[in-house]
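> Quick one: the structure is below, and I'll ask about it shortly.
The values are calculated or read from the model by the stated rules, or taken from the named source; none is laboratory data. Bear in mind the structure is a predicted one, so any value in this text is a computation, not a measurement. Ideal geometry is used to build each Cβ from the backbone, glycine not excepted, and the neighbour counts take in all protein chains shown.
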Ligand code: DX5
Ligand code: ZN
């Protein structure tokens with residue numbers, strides 16, 4: 001079975017104390033650190049860029065999962081990998097030559113992911129499914145943390161799994177947006193194994209404990225790993 005990976009999104013962390021917040025999530029058992037890059041064009045918000053990823057790389061002990069919500073990502077991918085990104089995902093809606101972009105990410109030694117917005121059908125993956133290292137299903141419209149989970153994403157996860165299976169791919173599916181202890185078991189049942197959470201972890205007074213709680217709620221037995 002695909003292992004569950006918890007990927008706290010620093011979008012909801014204290015940007016003046018990123019090192020402290022990342023360390024707390026790691027003590028709580030974070031497997032990845034999810035970094036949301038927004039350009040104010042593809043999405044309405046602007047967040048962080050390559051220098052901040054480089055700084056995070058110096059303090060994080062887990063791989064950096066860099067989610068690019070930007071136009072023309074090909075211009076910046078090498079910079080993000082050089083800064084320390086181990087996983088790079090790009091939106092199918094932002095990239096005209098997705099096959100080329102996926103190959104570029106892989107050629108730089110990072111894992112390549114493709115992202116689907118809530119309104120983008122799973123079928124958009126049909127001809128790239130055999131090439132990707134992971135798929136990210138957005139369960140909110142990208143741009144902001146703290147939004148409500150879109151329930152239709154559960155159907156979307158199942159459809160994405162079907163497309164990957166048909167292509168003979170065992171690539172894991174990442175889910176991003178509105179994930180919390182109440183819905184995480186459902187997204188795991190529907191096929192997600194990389195679980196992004198921003199508000200549920202860094203919106204909490206105790207991110208370490210919240211990370212542990214999310215993993216416990218995600219595990220099929222409900223028991224999770226020992227603390
Ligand atoms: C949204 C970002 C998400 C966001 C998730 O555009 O891609 O990674 O940080 O945050 P929550 O878990 O608060 O929805
Ligand atoms: Zn994200």
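> If the requirement is being free of Cβ contacts under 8 Å to residues at least 12 places away in the same chain, in contact with a strand residue (DSSP E or B) (Cβ under 9 Å, 6 or more places away or on another chain) and within 16 Å of ligand 1 (Cβ to nearest atom), which of these qualifies: 40, 28, 49?
40
> For a quick check of your reading: which strands (runs of 3 or more DSSP E) sit entirely within the range 1-86 and have at least 1 residues that are modelled with pLDDT of 95 or more, more than 15 Å from ligand 2 (Cβ to nearest atom) and surrounded by fewer than 18 Cβ atoms within 10 Å (Cβ to Cβ)?
Here the list is empty.
> Follow-up. Considering only residues that are within 14 Å of ligand 1 (Cβ to nearest atom) and free of Cβ contacts under 8 Å to residues at least 40 places away in the same chain, which ones fall in the range 6-21?
15
> On the given criteria, is residue 130 within 15 Å of ligand 2 (Cβ to nearest atom) and either in contact (Cβ under 8 Å) with a residue 24 or more places away in the chain or farther than 26 Å from residue 40 by Cα (or both)?
Here the answer is no, as residue 130 does not meet what is asked.
> Would a scan of the range 160-172 turn up a residue that is under 16 Å from the mean Cα position of the chain (by Cα), buried (at least 19 other Cβ atoms within 10 Å of the Cβ) and within 16 Å of ligand 1 (Cβ to nearest atom)?
Taking every residue of the range 160-172 in turn, none turns out to be under 16 Å from the mean Cα position of the chain (by Cα), buried (at least 19 other Cβ atoms within 10 Å of the Cβ) and within 16 Å of ligand 1 (Cβ to nearest atom).
> For the range 105-119, what are the residues that are closer than 20 Å to residue 169 by Cα and either in contact (Cβ under 8 Å) with a residue 12 or more places away in the chain or touching a helix residue (DSSP H, G or I) at 6+ places or on another chain (Cβ under 8 Å) (or both)?
Matches in the range 105-119: 105, 106, 109, 110, 111, 112, 113, 114, 115, 116.
> Which of the residues spanning the range 112-127 are within 15 Å of ligand 2 (Cβ to nearest atom) and in a strand (DSSP E or B)?
If the condition is that a residue be within 15 Å of ligand 2 (Cβ to nearest atom) and in a strand (DSSP E or B), then 113, 114, 115, 116 are the ones that fit.
> Something else: Can you pull out every residue in the range 186-207 that is under 21 Å from residue 164 (Cα atoms) and more than 8 Å from ligand 1 (Cβ to nearest atom)?
186, 187, 188, 189, 190, 191, 192, 193, 194, 195
> Inside the range 189-215, can you point out the residues that are within 30 Å of residue 126 (Cα to Cα) and more than 14 Å from the chain's Cα centre (by Cα)?
Hits for the range 189-215 are 189, 190, 191.
> Looking at residue 171, is it more than 16 Å from ligand 2 (Cβ to nearest atom), farther than 28 Å from residue 70 by Cα and at pLDDT 95 or above?
no
> Restricting to the range 91-109, what's the tally of residues that are in a strand (DSSP E or B) and either farther than 23 Å from residue 13 by Cβ or more than 18 Å from the chain's Cα centre (by Cα) (or both)?
0
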